Amino acid sequence: MSAHTIYDCASLGSVIRYFDGTPKPPARFRKKLSAWESRNGTGRLVKKEPPHERPTYTSPACFTLHEGDFGQGGIIVVSVRRTWSVESDLRFEIVERPKIGMVRVLQDLGDSPELLHLARDREAAERWLASNRYSRSYLEEISADEVGTDVIEGRAAA
């Protein structure tokens, strides 16, 4: 799939794989491996930004993938996120979609909501939200309609 298809079809909380089609180099080639890893990986879709038009520039639509958190003792030191433009030359695929009954914890910022957490049910989402205070946050349950629309429109993951 193209980046534009991911922007149009993938729902927040989906796990997305991105790749450039080149084979993974051997571990002994550290620089080549590092460059390959920057163009091949997976992440959870946490934000979709619409295109912006300003008098001095125009930016295309983009989406952000959360690749992981690093830290210890329950304290996150670094959160790795990558933002891709819909004009990216990489290929993408939907690895996993949120299941019916799961609940998104979203924060309303700017033009579009940002996924803070994906919980297995409403009770787990409320517990997470109680221990992680965010302003302008709200819960959104994954409905059968949302999952059904993806299947009807041919957007089901392969």
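Derivation of every value follows stated rules applied to the coordinates shown; laboratory data play no part. This structure is a prediction, so every number in the text was calculated from the model and none was measured. Glycine gets a Cβ as well: all are built from the backbone with ideal geometry, and neighbour counts include every protein chain shown.
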Check: Tally time: how many residues in region 32-54 are of a type in the set (S, T, N, Q), in contact with a strand residue (DSSP E or B) (Cβ under 7 Å, 6 or more places away or on another chain) and without any contact (Cβ under 8 Å) to a residue 40 or more places away in the chain?
Finding: 1
Next item on the list: Taking Asp69 as the residue in question, decide whether it is out of contact with any strand residue (DSSP E or B) (no Cβ under 8 Å at 6 or more places or on another chain), of a type outside the set (Val, Ile, Thr) and under 29 Å from Arg136 (Cβ atoms).
Entry: no
Item checked: Tally of residues being surrounded by 13 or more Cβ atoms within 10 Å (Cβ to Cβ) and either touching a residue at least 60 places away in the same chain (Cβ under 8 Å) or under 26 Å from Arg17 (Cβ atoms) (or both) across region 110-148 -> 16
Next item on the list: Output the residues belonging to region 52-86 that are loosely packed, with under 12 Cβ neighbours inside 10 Å and touching a Pro at 6+ places or on another chain (Cβ under 8 Å).
Entry: Thr58
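Looking at the structure I just gave you, is Val95 touching a helix residue (DSSP H, G or I) at 6+ places or on another chain (Cβ under 8 Å), surrounded by 13 or more Cβ atoms within 10 Å (Cβ to Cβ) and closer than 18 Å to Leu12 by Cα?
Details: touching a helix residue (DSSP H, G or I) at 6+ places or on another chain (Cβ under 8 Å): no; surrounded by 13 or more Cβ atoms within 10 Å (Cβ to Cβ): yes; closer than 18 Å to Leu12 by Cα: yes.
No, not satisfied.
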